[in-house]
Amino acid sequence: MKFRRFVPFVVVIPLFLNVGSLLAAGEPKLDVLKVPGEFSITAPAEGFAWSKTSSANAGGYKVESYSCINPRSRINVSIAIEYRQANDDIKIAVLKGFYNGQYMAFQNGGFTFVEEVRPILTAPVPKAVPFSIHARSQEGTDVYALNKTCFSRNIYTISAGGNSKEDAQKAMDAVIKSFREYIKK
């Protein structure tokens with residue numbers, strides 16, 4: 001079976017570019033992201049706001065991504081939603097796609113890899129799979145990208161990035177806490 005893979009958003013890119021240029025024009029910025037029929041997620045901290053970054057059809061299913069940023073912060077949170085259910089083959093392809101996309105973004109940016117926690121790529125794939133990358137820029141700046149892909153009635157990949165593991169983890173924990181009830185459905 002051949003998989004078509006669409007990676008709608010890679011968390012490391014907004015950490016170093018002008019994030020405003022990546023946001024969809026005219027999309028409202030909200031402290032609570034509400035996706036009708038799906039969930040609502042509170043922003044991880046005061047001053048952060050959610051915006052839709054992309055929406056597309058890929059291989060017969062809809063994919064949307066949202067980013068939560070604070071212009072004065074180096075922390076970024078994103079969520080990508082693939083509106084489809086997944087068997088183990090699709091789960092593995094999704095995990096490979098997100099991990100490889102993020103890895104390549106670091107590699108193409110000239111980063112060196114300090115530590116990687118790769119996703120589980122063997123069946124049976126759990127309902128929630130964490131993975132992360134810690135990389136260092138050519139200038140010596142550390143970047144932590146923490147990710148969790150959740151397989152429920154749809155596929156959700158949540159990413160949090162920052163210049164310290166603690167900051168990225170706090171942002172991830174805040175979003176997961178708000179999101180937890182929806183991934184159980």
Take the residues in segment 31-71 that are hydroxyl-bearing (Ser, Thr, Tyr) and modelled with pLDDT of 90 or more; name whichever of them is surrounded by the most Cβ atoms within 10 Å (Cβ to Cβ). 67
Picked from segment 121-147 (must be open to solvent by 60 Å² or more (accessible area, probe 1.4 Å) and out of contact with any Lys or Arg (no Cβ under 6 Å at 6 or more places or on another chain)), the residue nearest to residue 78 (Cα to Cα) is 127
Residue satisfying condition, being over 22 Å from residue 43 (Cα atoms) and either at pLDDT 95 or above or part of a strand (DSSP E or B) (or both), within set 121, 146: 121
How about segment 152-171: which of its residues are open to solvent by 10 Å² or more (accessible area, probe 1.4 Å) and under 17 Å from residue 81 (Cα atoms)? 152, 153, 154
Tell me, which residue of segment 98-113 that is over 19 Å from residue 65 (Cβ atoms) and in contact with a Lys or Arg (Cβ under 9 Å, 6 or more places away or on another chain) is most open to solvent (accessible area, probe 1.4 Å)? 112
Report yes if residue 78 is open to solvent by less than 30 Å² (accessible area, probe 1.4 Å), at pLDDT 85 or above and either in a loop (DSSP other than H, G, I, E, B) or closer than 24 Å to residue 169 by Cα (or both), otherwise no. yes
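The values are calculated or read from the model by the stated rules, or taken from the named source; none is laboratory data. This is a predicted model, so every value here is computed, not measured. Ideal geometry is used to build each Cβ from the backbone, glycine not excepted, and the neighbour counts take in all protein chains shown. Heads up: the accessible areas ignore ligands, DNA and RNA and are worked out on the full protein's heavy atoms, side chains in. Shrake-Rupley method; radii C 1.70, N 1.55, O 1.52, S 1.80 Å.
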